[in-house]
Structure formats: C-alpha cells, structure tokens
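The values are calculated or read from the model by the stated rules, or taken from the named source; none is laboratory data. Given the structure is predicted, the values throughout are model-derived calculations rather than measurements. Please note: Cβ atoms are built from the backbone with ideal geometry, for glycine as well, and neighbour counts cover all protein chains shown. With ligands, DNA and RNA removed, areas are computed over all heavy atoms of the protein, side chains included. Shrake-Rupley method; radii C 1.70, N 1.55, O 1.52, S 1.80 Å.
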Amino acid sequence: MFHIHAARESEPFSKRKEALRALIDLKVKGKIKNIGIATHYVEVVKRAAENENIDVVFAIYNITGRGIVDGSREDMSSALKYAHDSGKAVYAMKPLAGGNLIDDINEAFEFVLNKEFIDSIAVGMVAKEEVDLNLKIFAGEKITEDMKIEKEKKKLTILNKLCIKCLKCIETCPNYALSIVDDKVTVDHEKCILCGYCSPVCPQFCIRIT
C-alpha cells in the first residue's frame, strides 16, 4: 500500500496528478498492490471514493472530529461510508486525536471500532505500555482508571530565533494550526494535533514537540 500523503482538497487529482500517475504505473508493473490517499479533508475522501484508481482511504477520524479541516465529524462519517460503499478499503488515523482523547480512551476507541465502514485503525505508540494497553483494547477489554496512561502535556513549539519565516511549515500544516502573528510563526494549539507534518520541511530545524 502506497499513499499520497497529506492530501488537500482537489490537490491529489490536480497538483499531484503526476504522482498519482506514477503510482498507477507502479501498480500495473506489480511493484505496489494498492494506491491510497491519506487526508484530513472530507472533500478528498469523497473524491477518492469516486476515483477508480484509489484503493484505500486513510482519513483522520475520531469522536470529537478534531483535525478534520473542512467539515464536521458527521460529514467525515458520511464521506467514509460513501468510500466504503464504493468499494474502497477504509482505515482511520488518530482515533485519540494526537493523544488529546487519552482520558476518554474507552469511548474514543469504541466510537471508531463500532463503525461498520471502518476496516482498520492506525494507532500511534511510542512506549511498550501503550502497546500493552492497545492490545487490551483490541481484545475487547475495558480500560479501568488504574490501567490508563497519564496524558503527556506535549505541544508544538517554534524556535523563532532560528526561524527564517520561509512559510514552508505553514503551507504544509494540514490543520491550518500555524500562522504569522506579530512577525512570528505562531501555533494555534486548539487546531494542532501534533501530526508532525511541519517538522521535516523546516530548513532551520526549529520545530519541536516538547
């Protein structure tokens, strides 16, 4: 499975149509088996559902709708069901909204796991304790208070003393969480879900998750 990553609006079918064409060629040659699109956009999910060359839809989906750029949780639910009914494999990213829903972990996972149009879920894990916890969840166990992992208070930080304001991070952020305020790159922490898309494009290495 090979994704067109961080797909915005009609971009995969216009600005990045050559990338899509290259993936189609690789599939024909047997180098890859499935072509996917990873997105935070409802509109991209709908477009992917109607595109015969897309096999897999990988979209942000969680109980609060956090991280969905162009619609509500209900809009994304409808779009993902449409994609599933159109024969696409559907799997959800960020069911815990970048760790922001860890305090409500049972409800957050149940919401996604109980959707018949979701085939699989991608869950980020950075410690053995998180792996063990997720195994319990996917085995159908309820997570009790004593089993929960304390949410780390992480946030995105911009080292503005190093920043040259090239705007690459702002252009890359799929959630429009970055902007220029008072001549500095500023983070809207309500919109930021710590996806990390911005960090690799910074030529000054001045983006940190702390």
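On the given criteria, is LEU101 of a type outside the set (S, T, N, Q), at pLDDT below 95 and on the phi < 0 side of the Ramachandran plot? Talk me through it step by step, then tell me what you get.
Values: of a type outside the set (S, T, N, Q): yes; at pLDDT below 95: yes; on the phi < 0 side of the Ramachandran plot: yes.
The answer is yes for LEU101.
Within segment 118-173, track down each residue that is touching a Cys at 6+ places or on another chain (Cβ under 7 Å), open to solvent by less than 50 Å² (accessible area, probe 1.4 Å) and assigned to a loop (DSSP other than H, G, I, E, B).
The answer is CYS163, CYS173.
Report yes if ILE37 is under 14 Å from the mean Cα position of the chain (by Cα) and under 21 Å from ASN175 (Cα atoms), otherwise no.
Numbers: under 14 Å from the mean Cα position of the chain (by Cα): yes; under 21 Å from ASN175 (Cα atoms): yes.
Here the answer is yes, as ILE37 does meet what is asked.
Say we look at segment 21-38 and pick out the residues that are touching a helix residue (DSSP H, G or I) at 6+ places or on another chain (Cβ under 9 Å) and more than 14 Å from ALA89 (Cα to Cα); which of these is least open to solvent (accessible area, probe 1.4 Å)?
For segment 21-38, the residue satisfying everything is ILE32.
Tally up the residues in segment 90-99 that are open to solvent by less than 40 Å² (accessible area, probe 1.4 Å) and either more than 23 Å from HIS189 (Cα to Cα) or outside any loop (DSSP other than H, G, I, E, B) (or both), please. Even if it seems obvious, please write down each step before you answer.
The first filter runs over segment 90-99 and keeps only residues open to solvent by less than 40 Å² (accessible area, probe 1.4 Å), leaving 90, 92-93, 95-99.
Pick out the ones that are also either more than 23 Å from HIS189 (Cα to Cα) or outside any loop (DSSP other than H, G, I, E, B) (or both) and you get 90, 92-93.
Here the count works out to 3.
I want to confirm something. Restricting to segment 100-117 and keeping residues that are part of a loop (DSSP other than H, G, I, E, B) and open to solvent by 30 Å² or more (accessible area, probe 1.4 Å), which single residue is farthest from LEU80 (Cα to Cα)?
As a first pass, look at segment 100-117 and keep what is part of a loop (DSSP other than H, G, I, E, B): 100-101, 114-117.
Then drop every residue that is not open to solvent by 30 Å² or more (accessible area, probe 1.4 Å), which leaves 100, 114-116.
Working: ASN100: 22, ASN114: 14, LYS115: 10, GLU116: 10 Å.
If we take residues in segment 100-117 being part of a loop (DSSP other than H, G, I, E, B) and open to solvent by 30 Å² or more (accessible area, probe 1.4 Å), then ASN100 is farthest from LEU80 (Cα to Cα).
Give segment 177-188 a look and list any residue that's part of a loop (DSSP other than H, G, I, E, B) and surrounded by 12 or more Cβ atoms within 10 Å (Cβ to Cβ), or say none. Talk me through it step by step, then tell me what you get.
Pass one, segment 177-188, residues part of a loop (DSSP other than H, G, I, E, B): 177, 182-183, 188.
Result: ALA177, ASP188.
Could you grab me the full set of residues in segment 39-56 that are within 17 Å of ALA92 (Cα to Cα) and open to solvent by less than 60 Å² (accessible area, probe 1.4 Å)?
Those that are within 17 Å of ALA92 (Cα to Cα) and open to solvent by less than 60 Å² (accessible area, probe 1.4 Å): THR39, HIS40, TYR41, VAL42, VAL44, VAL45, ALA48, ALA49, ILE54, ASP55, VAL56.
The rows are residues; the columns are (1) among the polar types (S, T, N, Q); (2) modelled with pLDDT under 95; (3) under 16 Å from SER120 (Cβ atoms); (4) in contact with a Lys or Arg (Cβ under 7 Å, 6 or more places away or on another chain).
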| site | (1), (2), (3), (4) |
| --- | --- |
| ARG16 | no, yes, no, no |
| LEU20 | no, yes, no, no |
| LEU26 | no, no, no, no |
| LYS29 | no, no, no, no |
| ILE35 | no, no, no, yes |
| PHE58 | no, no, yes, no |
| TYR61 | no, no, yes, no |
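Before we move on, is ILE68 farther than 17 Å from ARG8 by Cβ, in a loop (DSSP other than H, G, I, E, B) and open to solvent by less than 60 Å² (accessible area, probe 1.4 Å)?
Values: farther than 17 Å from ARG8 by Cβ: no; in a loop (DSSP other than H, G, I, E, B): yes; open to solvent by less than 60 Å² (accessible area, probe 1.4 Å): yes.
So ILE68 fails the test.
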